[in-house]
1. Note the full-extension length gain between residue 266 and residue 30 as 0.36 nm times their separation in residues minus their Cα-Cα distance, in nm to one decimal.
2. With 18 Å as the cut-off, how large is the P(r) tail for the stretch 209-330, expressed as percent of Cα-Cα pairs?
3. Between residue 285 and residue 377, what is the label-point separation in nm under the 7 Å Cα-to-beta-carbon projection?
4. Need one number for the chain: average projected area of the convex hull over its C-alpha atoms, nm².
5. Going 7 Å from the Cα of residue 9 along its beta-carbon direction, which residues of the stretch 102-136 have the amide nitrogen within less than 20 Å of the resulting point?
6. What fraction of the DSSP beta bridges in the stretch 51-281 is antiparallel, stated in percent and rounded to the nearest 5?
7. As a footprinting exposure proxy, order 26, 237, 4 by other Cβ within 10 Å, with the fewest listed first.
8. When only Cα pairs under 8 Å and 6 or more residues apart are kept, what is the percent relative contact order across the chain?
Ligand SMILES: Cc1ncc(COP(=O)(O)O)c(C=O)c1O
């Protein structure tokens, strides 16, 4: 008799991971001396952990610190340091008791979703969107509701879109800056949406993972100001520590204990040694700000040169390190287009279908957090490939 396979097995792939595999294979097969593959597919800073963070981990290991489980919500000192970060960066009072250290932002999502929503509940989000939002909700039996957004709203939802929803969703995920478009909600629009959530009884989940990576407007945090909101953040992007797998939640009072119980059962704790490193990362501002200066230069170089290379329909690039490119004049199959770009131009980018299943056939995402010299070289390579 056939054995049952659960709904979780239906989760679609996170396609960028497949592009990474293809780009690794292409790089490994290059003959010696050939120009390398330019990696613009992945949202992973090329810089690695700041020196002070790595050294803190080394010191703790050399001192023989037994790296055991921590409390489910993380090391007390790290939670206090994160709370202080809200005071320093935003002038916001956040109690350390509301901070939960998680296994990356990725580990924060199932905790937040399980605590805040029930199977069958619908949770709205802009499309294009970060694929795991929808895939995790679906795996948990919840229903992602996609709000198709376009350049006229900076790829972000509006109150009018939310008011049109019937039934009213149980939750709304906002990300500003967002992935893949790199765009932000204007502050007044963010406030209006938050106010609508309050009125409509919709739980706001604010993914603030790209805070600190903005090139104009500086976003406010939802943590202190919006009652009931759940804030997700991580050490992966601004802090350049993807592989250390540390993120955090700032929880509203009513979800603190439920999330703690879930965290105890699902993860026990985030990795201890990585928590030690994460705490030290707050003292590495100079190095982190130097990284951002590099992103700013790469962003400027790409915005200046990509149009001449044939990519002239780009998102405004308010923050994060992504350019969302409309390539509808070049292809209606972004998967095949990205495969050819990798094979023929040696440039890896992510097809838009990862982020927007239908409309994404005409889009791709360039990530510019890789080495600055590579980002500067990319437009000329693309221009040559497209015969410009
Ligand atoms: C919008 C967004 N949220 C969450 C994550 C997950 O980050 P983490 O590495 O902290 O799990 C990513 C990673 O790319 C992201 O782009």
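Bear in mind that the values in this text are calculations on the coordinates, not laboratory data. Being a predicted model, the structure only gives us computed values, none of them experimental. Here the Cβ is made from the backbone with ideal geometry for all residues, glycine too, and neighbour counts use every protein chain on show.
1. On the way: separation 236, 0.36 × 236 = 84.96 nm, distance 4.22 nm.
Length gained, residue 266 through residue 30: 80.7 nm.
2. Working: 4815 of 7381 pairs.
Within the stretch 209-330, distances greater than 18 Å cover 65 percent of Cα pairs.
3. It is 3.6 nm.
4. Numbers: hull surface 86.0 nm².
Result: a mean projected hull area of 21.5 nm².
5. Zone members listed by number: 135-136.
6. Values: 8 of 25 bridges.
Once the DSSP bridges in the stretch 51-281 are tallied, antiparallel ones form about 30 percent.
7. Values: 26 15, 237 24, 4 6.
The fewest-first ordering by Cβ neighbours comes to 4, 26, 237.
8. Working: 736 pairs, mean separation 97.2, N = 388.
It rounds to 25 percent for the chain.
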